[in-house]
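To start, the structure itself, in structure tokens.
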Amino acid sequence: MTTRKKRRAGAILLAVAGFALSAGVGMAQEAAAPLTSVPPEPRPAHAAVEVPEIATAMTTAPPARVPDTTSQTLTGLARLTGSSVTITDRWRGAALEIGMTRTVPWRVFTLDDPQRVVVDFSELDWAGLDPQAVLASSERVVEVRAGLFRPGWTRLVLTLAAPMVVEKAWMTSPETDGAPVIMRLDLAQSTPDAFAATSGAPDSAVFAPDALRPMPSPKTRQTGFGDLVVVLDPGHGGIDPGAEREGVVEADLMLTFARQLKETLLRAGGFKVVMTRDRDMFVPLEERVTIARRAGADVFLSLHADALVQGRATGATVYTLSEDATDAASQSLAERHDRGDILAGVDLSRQSDEVALVLMDLARTETTPRAESLADALVEGIYSATGSTYKTPRMKAGFSVLKAPDIPSALIELGFLSSPRDRKLLQDENWRRQAAEGIRDALQYWSLQDAAKAERLRQ
């Protein structure tokens, strides 16, 4: 570590210690109750559903909450059986079959741009699914994703090579206990216009936050007193694993690091920490921001470790929001992150109106410079603690997860899974501890500087 960096790290610790002695007890700052995930829907007690033949990609769903005494004896998740999942191409379409241990409630719909078929189950364990093996037998389906989408619900997403609508969809009922259950989906080729006209995620297939819980009033700027509310956002999860290299999965790695960082912050004191997800589950980008708002966040940190198709980039990078990306690689990275939402079946059709956009731009006039200072402190803290940052560690791009207009936000790419060196470091618990301590020091330093600037503005 260079002499300048050592002095910088020492200055951070001295500043924090000096402020703590002079501040005394301070005024407690209450934050809104955190929402770590959307409450699960009550699971319907319906055992099997047969959907009548249809000629369009309309949503089909089992009747909700139909009493069925036979289903009450079933315990645990349904699991894949036999050949699990198969896709068979037909002359003018394709057929999907899923073998499982028991019947479960389910629903199916299609989404456009890109063209996808989405099937939800309550609840099916996808352990043992090999997407590449499924794709090997089909040219009409180009990508398969499956995983936890919401507590109580798992999701299968098929990305199509060409438009196909749902022709038939049904699930067999076993005649004897223990007999396998088959869910069958017949797809028929269609035109792009016909597919688009009948696609969309209707209300019956959209998982939304509890509408009865009002959003808290806008939070005032932190003053350096009371706990700093930090929302940690482990990237990806569930149906969206993120980058994968040599058996290392970004979603799992970032959840591990987020837990470690949370523990580091709580041990230091002066922090209240909320996580957007605390297990391997999918959380849409917009909902991650909503969780931060409900938690009364002072800071929002999104944690990632991406992989590059080309190049040998290594080291940590810290991003702030900008419509104009620093470079083409940053733009591509932001698009890939947002693409995870689209491919996972999230309906992004509802856009902000013009008035809302103007109000958000006004809010960002104060938040943007605070976020820039936060990112600068994070780069300094990570480098001082690990010595591992990218050659240009401060970047900008249009990440949707950073678009909260009233919360200083940053996206930290801790490293690149495409780099053997970074991959080794990211799996090293000691290195992760050092990185967590660097982020802790950066947050402490930024909090003091941010509060001091606010005080000068008030004067």
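The values are calculated or read from the model by the stated rules, or taken from the named source; none is laboratory data. Note that this is a predicted model, so its numbers are computed, not measured. Here the Cβ positions follow ideal geometry from the backbone for every residue, glycine too, while neighbour counts run over all protein chains shown. Note: accessible area is taken over every heavy atom of the protein model, side chains too, but ligands, DNA and RNA are not part of it. Shrake-Rupley method; radii C 1.70, N 1.55, O 1.52, S 1.80 Å.
In this structure, LEU266 and LYS403 have a Cβ-Cβ separation that, at R0 = 25 Å, corresponds to a calculated FRET efficiency of about 0.35. Neighbours of ALA435, meaning other residues whose beta-carbon lies under 14 angstrom from its beta-carbon, give a summed charge of -2 when Lys and Arg score +1 and Asp and Glu score -1. Label-to-label distance for ARG259 and GLU323 is 4.1 nm, based on points extended 7 Å past Cα in the beta-carbon direction.
The gain in end-to-end length when the ALA127 to GLU429 segment is fully stretched comes to 106.0 nm, 0.36 nm per residue minus the alpha carbon separation. Label sites at GLU246 and ARG79, each approximated as a point 7 angstrom past Cα along Cα to Cβ, lie 3.2 nm apart.
Placing R0 at 25 angstrom, the Cβ-Cβ distance between ALA197 and ASP89 gives a FRET efficiency of 0.55 after rounding to 0.05. Ranked from largest to smallest solvent-accessible area, with a 1.4 Å probe on the protein heavy atoms, ARG102, ARG433, ARG394 come out as ARG433, ARG394, ARG102.
Compactness of region 376-434, taken as the C-alpha radius of gyration over 2.2 N^0.38 Å, stands at 1.25. Students often get this wrong, so check it: of LYS219/LYS424; LYS272/LYS396; LYS168/LYS403, which have C-alpha atoms separated by over 31 Å? Violating the 31 Å limit, Cα to Cα: LYS219/LYS424; LYS168/LYS403.
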